[in-house]
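Colleague: So that we are looking at the same thing, I have put the structure below in structure tokens.
What follows draws every value from the coordinates through simple rules; no lab data is involved. Quick caveat, the model's predicted, so the values are computed rather than measured. When we count neighbours, we look across all protein chains shown, and the Cβ atoms used for this are built from the backbone with ideal geometry, even at glycine.
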Amino acid sequence: MNARAVKGYVMAAVAAATYGTNPAFAVPLYGEGMNPNSVLLFRYVLGLPLLAAMVYLRGRSLRLSRREVGPVATLGVLMALSSLALFESYNYMNSGVASTLLFVYPVMVAVLMAFFFHERFRATTVVCLALMGAGLLLLMRNDGGAPVDALGCGLVMASSLTYALYLVMINVSATVRAIPTLKLLFYVLLSGSGVFLFVLASGTELTLPASSGGWLNLAALAFFPTVVSLLCTTVAIQCIGSTPTAIFGAFEPVTAVVLSVVVLGQTLTGRELVGGALIVAAATLVIVGDPVGSVLLRVRKMFPSKRK
């Protein structure tokens, strides 16, 4: 393995791990009296100057054409709604479990692409749907058999769906694909901030951190799961390609679970761990795609039907 590949794999792992730090920084802010909308507003706004600086350091412009404004604004709304639903779910359920449930979005993307854009429905997608269903059933009940909070689960599923729609739009829109990544994220955060401002105007209170540590958590939210994660993802794709980088996304829920236990003092049951592992496996299989489909096809040929 050459140095470029090693760099790519390290960057992919860092990107996924830093994105999984969301609950570790957000949940303590709730303890200081902040609400999710305020946390996200500060996260998005604080990330804007960092991204703008990165764009200008690369010698690029932030100018958008008229044709690009509508699609970019739509992406910003989808991302903001996904973030808000996920951060709201932390108030109703274990944040590590919520972050693991969120990881059903790759499977949702595969299903949306198959049904609405006629992408081939692979055998692996069927297997992944079965694994995901089993994982969801395990995660939605605790070891005693009692169901977890329905509202929390519903919020995470809404977050996964809106994020899946965000990814599908990036995939199918030629206009969006032509926009450089850093510039696109800048305008996604900018238009997403408008969603949080609209929520404030609708009557939700703007809350502030009660301590200097709270402000540090806000800065960390803007820096690690936003700017660092994106920058490392961009470098990883350049070094090793999109698929290996996406596979390393499995570290996202793993990081969230570990930090939820170590930093936040939350607990996880064996049932939740198994359910989470099934969801991560399903998402990874979807990302791998064709190679796994080829393996399944070879296995099928080893056991031909006995009917003549």
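Colleague: How far is it, in nm, from the label point at Ala134 to the one at Arg177 when both lie 7 Å from their Cα along the line to the Cβ?
Modeller: The two pseudo-label positions are separated by 3.5 nm.
Colleague: Summing Lys, Arg as +1 and Asp, Glu as -1, what charge do residues with Cβ under 12 Å from the Cβ of Ala52 carry, Ala52 excluded?
Modeller: +3
Colleague: Let me ask something else. Note down the nm distance, to one decimal, between modelled labels 7 Å out along Cα→Cβ at Arg4 and at Leu216.
Modeller: Rounded to a tenth, the inter-label distance reads 4.0 nm.
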